[in-house]
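Here's the structure, in structure tokens; my notes come after.
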């Protein structure tokens, strides 16, 4: 595998996708940046969308003024999964381009700030896989959630077969992927696949409120926490504790930690800066 494919950097032969109309719209509300997917009719994933996601997420993750990222969709869909017309090309080259969806998810997981999956509509296949990489998953009551790939003779091969078992255990994960049924919001929440279920009429307001609350948190601390948990998970306990110790050493040098402790002593609300 080439270095570009391992790192998620754009490939030379994929640069022309930047000339195509963007299917992602980015808006800012203070410290919250929202990335909205708008690719009619169902916000299906294709190589151009993948490259646009990678190009969009990198500067947002690096921008200290952005302290929370929200990913959402348009219309009836969050993201419906891979574009089947594209997936019909079973060549190794095409499949490698589609496989780069996992780099989008890693960019989300490694972002040094909270990332919210605001699932305004159906989150299926690749859309459900993307949400599993996010730190908070909010689902509208008008949406369904699931992994229907088995109906196409496929399985969730862009992160789902690995993240889902880590979330709900291997037996339940296999059953959900084998059966491939769309889950109601309530059932998805019961299984721990989504964190918050919201009436559709209240969806936008709820997402805004939760994102602003996250942006006001000590995001420097959140960044370190995400890294420590991800790097320590699966390690033997002694090694994981060593990784935690390194994280704490980094933490005590942050302005957010100093502000939180000082604010407690002064009996006032902390004002975090994300540094």
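The values are calculated or read from the model by the stated rules, or taken from the named source; none is laboratory data. Fair warning: this is a prediction, and the values are worked out from it, not measured in the lab. Cβ atoms come from the backbone with ideal geometry, glycine included; neighbour counts cover every protein chain shown.
Details
- Residue within segment 195-210 that is in contact with a helix residue (DSSP H, G or I) (Cβ under 6 Å, 6 or more places away or on another chain) and either closer than 23 Å to residue 61 by Cβ or assigned to a loop (DSSP other than H, G, I, E, B) (or both) present: no
- Taking the numbered list (1) in a helix (DSSP H, G or I); (2) closer than 27 Å to residue 64 by Cα; (3) outside the structural domain of residue 134 (by TED's automatic domain parsing) in turn, residue 242 passes all entries but (2).
- If you check 230, 256 for being surrounded by fewer than 16 Cβ atoms within 10 Å (Cβ to Cβ), part of a helix (DSSP H, G or I), under 27 Å from the mean Cα position of the chain (by Cα) and not assigned by TED's automatic domain parsing to the domain that holds residue 132, only one passes: 230.
- Within segment 156-180, if we keep just the residues that are surrounded by 15 or more Cβ atoms within 10 Å (Cβ to Cβ) and outside any helix (DSSP H, G or I), the residue that is modelled with the lowest pLDDT turns out to be 157.
- With respect to the conditions (1) out of contact with any strand residue (DSSP E or B) (no Cβ under 7 Å at 6 or more places or on another chain); (2) modelled with pLDDT of 95 or more, residue 152 falls short on a single one, namely (2).
- Exactly one residue out of 118, 107 is on the phi < 0 side of the Ramachandran plot and touching a strand residue (DSSP E or B) at 6+ places or on another chain (Cβ under 8 Å): that is 118.
- Among the residues of segment 95-118, those identified as in contact with a helix residue (DSSP H, G or I) (Cβ under 6 Å, 6 or more places away or on another chain) and part of a loop (DSSP other than H, G, I, E, B) are 100, 111, 112, 113, 114.
- For segment 48-73, taking the residues that are farther than 22 Å from residue 122 by Cβ and out of contact with any strand residue (DSSP E or B) (no Cβ under 8 Å at 6 or more places or on another chain), the one that is surrounded by the most Cβ atoms within 10 Å (Cβ to Cβ) is identified as 51.
- A search for C-beta distances below 6 Å between a residue of segment 73-94 that is in contact (Cβ under 8 Å) with a residue 60 or more places away in the chain and any residue that is assigned to a loop (DSSP other than H, G, I, E, B), counting only pairs 6+ apart in sequence or on different chains, returns 76/121; 78/120; 78/121; 81/125.
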